[in-house]
Each structure stands twice: as structure tokens, then as C-alpha cells.
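Structure first, then comments.
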Amino acid sequence: MSLKEVLAEKIAAHRPRTTRLIKEFGDVKISDVTIAQCIGGMRGVKCLTTDISYLDPNEGIRFRGYTIPETLEKLPKVPGCEMPYVEGHVYLCLTGEIPTEEDVKELAAEFKKREHVPQYVIDILRAMPRDTHPMTMFSAAIVAMQRESVFAQQYKAGISKMDYWESTLEDCLNLLAKLPQIGAYIYRMKYRGDTIIPPDPELDFGGQFAHMMGIDSPYDEVSRLYFILHSDHESGNVSAHAGHLIASALSDMYYAISGLVNGLAGPLHGLANEEVLRWIQGVMEKMGGKTPTEEEMKDFVWTTLKSGQVVPGFGHAVLRKTDPRYMEQRNFCLKHLPDDPIFQYVDSLFKVVPPILVEQGKAKNPWPNVDAQSGVIQWYYGVQEYAFYTVLFGIGRAIGVSANIVWDRALGYAIERPKSVTTAMLEGFAGIKE
Ligand code: HAX
């Protein structure tokens, strides 16, 4: 069966579950909201639904029920490689099923058909000042392609709500297929003297990205690992929520994914991977090439905290343990680059930062998150322009969010419209209103 046929079956089976929950159990309470949550970024308020991934605070992410090690183990592998096809992970996110080799080949062939990046996108990127942030370029390239949206065209033609997901799936595949090329193009144009490497029609999603970046193996493996690890972290984080929110107005995939990228570009979210490397470079400069002792490292961390800044790469809004995405990348470093000096810095921070954050007593989670480790690997393989790191995150995150949007359309999720209150109303609730 094709991906679309599998999805059609799954959607038909799932729709009655959603309808029943709303019709028969719509009044059942699952969450209360406190004043702290209302002012404090809605932290922990349960008010979104997704089946693509679930983030347990003490365990970490599961994609469609599978932990990261299970996902990496079960998905079909690229021949001769340790890492799975990213295309297989797209299949898993969309359908909830581990694909067969045949399923992956079919989906990879679909991606191939759709991977050509229109010339006008290249022209737009080239017209932007070269010092534009890569995330701005990435977002602009995606939104520029909005004219390609099959959903937007079919919506105008007047299709039924029940069919929205089909054209949304088209948009999902059309857009995802192009992202590795767009990302690599931005990199080579901006940081490699405009020497663009043409795509290779034989390569898979991760392999194509590494090839167009101009970086040899095992960078293809790094890319596959990276895109899968960053694909989804349930629905409430800024990037996933931004994508879902925008799409809830029936704005198409291009608008939604470009919006996701804009949210990811914040230093408290995806840009933290850039910030980690910037922070470490600052320490290295101050040390004049010497490796800091543990005591010196502690001083750097305290200086950052005392100047009112956050330590990038540490803390999390949901997790209450070391991020398994961090651990997976750490294991990769231990295997491939144990003696790398920047890895040594990151490893030293792993020891030094959590007790300091505990002593400071503010952060609810003192442990490292995904962004503490990801830049090191990039740096080691030659991608030392750290402003680019969040683009890699964005390519991965688009996988989970676009899968969510296909399901949002399939299950007819409503336009988002939470209710706001005024400060005076909160004072009223608190019983302190003058
Ligand atoms: N360094 C210093 N202070 C920190 C901190 C850190 N790494 N993490 C949390 N805190 C502080 C918060 O700033 C907050 O201080 P105020 O009370 O003064 O506002 C306090 O501890 C309580 O915060 P929290 O409840 O533990 O954390 P939040 O849910 O509010 O925020 C963040 C979660 C990830 C934004 C936060 O931990 C942070 O800023 N971390 C550093 C930036 C970072 O690494 N971001 C990437 C997170 C992972 C991700 O989304 N990747 O894309």
C-alpha cells in the first residue's frame, strides 16, 4: 500500500475516536489553569493533542511510542550505514508504523520526484544581503514557495473539509523534500564562497544534505541522526506550537513551516545551539587557548549567571532529567570525537553546570538539553559557522510539525483561540482587587 493509502486507512479509523471524545466527553476536565500559568507562558497546561510524539518529563521523548534508541534501531537503515533513512522516520511520524524497506524506498522515490528547488527561491536567497541570518534566509525561502501550495489551490477550488489532509500531505512531502537542498544552498552561498554543489539524484535525504554541504562521510550519518533527533518534541514547544497555531487558521504548510522556523530562531529555543558555541568560544578566547580547570569553568558559569544571562543548553520547560537527545549525541561524540577540545569543554560543563544551577535555586531542571551537545559535532566536521546550526534543527523539526499538520487537517482540529483576561481580572480571581 502507498503511504497515502496507509494514511487514509489510519485516518478513517481515528476520526470516530476524536468525534466521540468531543461529542460524548467534551466536558471532562483534564487541566486547571493557575494565575502563575496564565502569566508564565502556560507552562504545563494540558490543552493540545498530538499522537506523533509524547514527552515524559522523566523519560524524554518517544516518537509514536518509540524511545530514541528504539527508533534508531527499528527504522530501516541506509545500506552500509548505521543510521536509518530520514524518509523512514517521516513515514513513522505520519503513520505510526515502522516502515518496511519497500515502504521507505517508495517514499524516498516520492521525495526524489519533489526535491527540485524552484529558481525563484534561489534568486530570492541571492538577493538577500549576505550577512542576513541563515534562519531568516531559511524562513524566507520557505514562505516564498507558498505559491506552490496544493492545499491553497484546492481550497480556493472548494474542496470538502474531509479532503483537506490529502492536499496538505502533498504540501508536506513537496516541502520536506526540498529542505536539505535549501539548507545546504544557504550554507555554501553564505560561508563557502558561493561554491554550490549540485544535488546527486542517487542520494537519500541525509546523504543529499551532506553531499551538498560538501562534507564527507560520516557527516551523512550525523545529518540523519540530527534530523531524526530534532524532528518532534510534542506540540507545546514554541516551534511546534507556532506551526500548529498558524495552520489552525487553514494557512497552508508553507506559511506554517516558515512560522515554525521563526519561532525556532529564538535563543531560548532552537538558537540555543548557536548560543552554546558562542559561549564556549568566549570562554576559549578568555583562556587564550588553555583548557580551563574545573574551578575556572565554574567561575565562567557563575559570571554568566550573575550578569543576568542564562547558561545556554541547560534547563527545559518539561524535561526533569538529562535530555536523551543530548545523551544520544554525547554517545556519538564519545565514539567518534572523544578527544575533541570542544567536546571536552561540553563534557566539563556537563559536570560543572547542574550543581551550580541547583545551588542558584532557580532552574527547575538543571540538566543539559539537546542544544548543549549538537554544535560540537557540527564544529568537528567543519561546520564552524554556528549561526547555521539552527537551520539544521529547522530541517529536522519540519518533519514532526508537518506530520502534525497533516493530522490536524485529517481530524478537523479547530482554529486556535484561547481566551485572555486582564490583570485586574486576575487580581479579582486572587481576591486582592481594590
Ligand atoms: N541558566 C540560567 N537560568 C535558568 C536556566 C539556565 N540554563 N534555565 C532556567 N533558568 C531560570 C529561568 O530563566 C527562570 O528564571 P526567572 O525566574 O528569573 O525568570 C527560572 O530559572 C525558572 O525557569 P524554569 O521554570 O526552570 O524554566 P522555563 O520553563 O521558564 O524555561 C528554558 C525553559 C529552556 C527557556 C530555560 O531553561 C532556559 O532559558 N535555558 C537556557 C536556554 C536553552 O538552552 N534553551 C533551549 C531549550 C531546549 C529547546 O527548546 N531547544 O530548542
Query raised in the report: Of the residues that sit in the range 251-267 and are assigned to a helix (DSSP H, G or I) and of a type outside the set (A, V, I, L, M, F, W, C), which one is nearest to the ligand (Cβ to nearest atom)?
Result: GLY263
Report task. Can you give me the number of residues within the range 190-217 that are closer than 24 Å to LEU92 by Cα and surrounded by fewer than 22 Cβ atoms within 10 Å (Cβ to Cβ)? Result -> 3
Query raised in the report: Any residue in the range 382-389 that is of a type in the set (D, E, K, R) and either crowded, with 23+ Cβ neighbours inside 10 Å or touching a strand residue (DSSP E or B) at 6+ places or on another chain (Cβ under 8 Å) (or both)?
Result: no
Query raised in the report: In the range 306-337, what count of residues is obtained for those that are surrounded by fewer than 18 Cβ atoms within 10 Å (Cβ to Cβ), within 14 Å of the ligand (Cβ to nearest atom) and outside any loop (DSSP other than H, G, I, E, B)?
Result: 1
Query raised in the report: Just for the range 1-57: of the residues that are of a type in the set (Lys, Arg), closer than 23 Å to PHE429 by Cβ and within 27 Å of the chain's Cα centre (by Cα), which one is surrounded by the most Cβ atoms within 10 Å (Cβ to Cβ)?
Result: ARG43
Query raised in the report: Within the bounds of the range 380-393, is there any residue that is among the hydrophobic types (A, V, I, L, M, F, W, C) and without any contact (Cβ under 8 Å) to a residue 12 or more places away in the chain?
Result: no
Query raised in the report: Which residues, taken from the range 345-401, are closer than 22 Å to ASN331 by Cβ, more than 15 Å from the ligand (Cβ to nearest atom) and of a type in the set (Asp, Glu)?
Result: ASP347
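Here's the yes/no breakdown for (1) surrounded by 17 or more Cβ atoms within 10 Å (Cβ to Cβ); (2) within 29 Å of GLU385 (Cβ to Cβ):
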| position | (1), (2) |
| --- | --- |
| MET135 | yes, yes |
| SER139 | yes, yes |
| LYS156 | no, no |
| ASP171 | yes, no |
| LEU175 | yes, yes |
| LEU179 | yes, yes |
**Report entry** Flag for GLY270 being buried (at least 23 other Cβ atoms within 10 Å of the Cβ) and within 12 Å of the ligand (Cβ to nearest atom)
**Finding:** yes
Report summary line: Filter the range 133-161 for residues that are free of Cβ contacts under 8 Å to residues at least 12 places away in the same chain and of a type outside the set (Lys, Arg); the one that is farthest from ILE11 (Cα to Cα) is ALA157
Report task. Determine the pairs where a residue that is closer than 19 Å to ARG409 by Cα, located within the range 224-248, has a partner that is of a type in the set (Lys, Arg) and modelled with pLDDT of 95 or more with Cβ atoms under 6 Å apart, the partner being 6 or more residues away or on another chain. Result -> SER239/ARG397
**Report entry** Options ILE395, ILE399: the member that is under 30 Å from GLY193 (Cβ atoms), assigned to a helix (DSSP H, G or I) and modelled with pLDDT of 95 or more
**Finding:** ILE395
Query - Residue ranges of helices (runs of 4 or more DSSP H) in the range 1-74 with at least 2 members closer than 30 Å to ARG224 by Cα and in contact (Cβ under 8 Å) with a residue 12 or more places away in the chain - result: 3-25, 68-74
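The values are calculated or read from the model by the stated rules, or taken from the named source; none is laboratory data. Since this is a predicted model, take the numbers as computed values, not measurements. For neighbour counting, all protein chains shown are included, and Cβ atoms are generated from backbone atoms with ideal geometry for every residue, glycine included.
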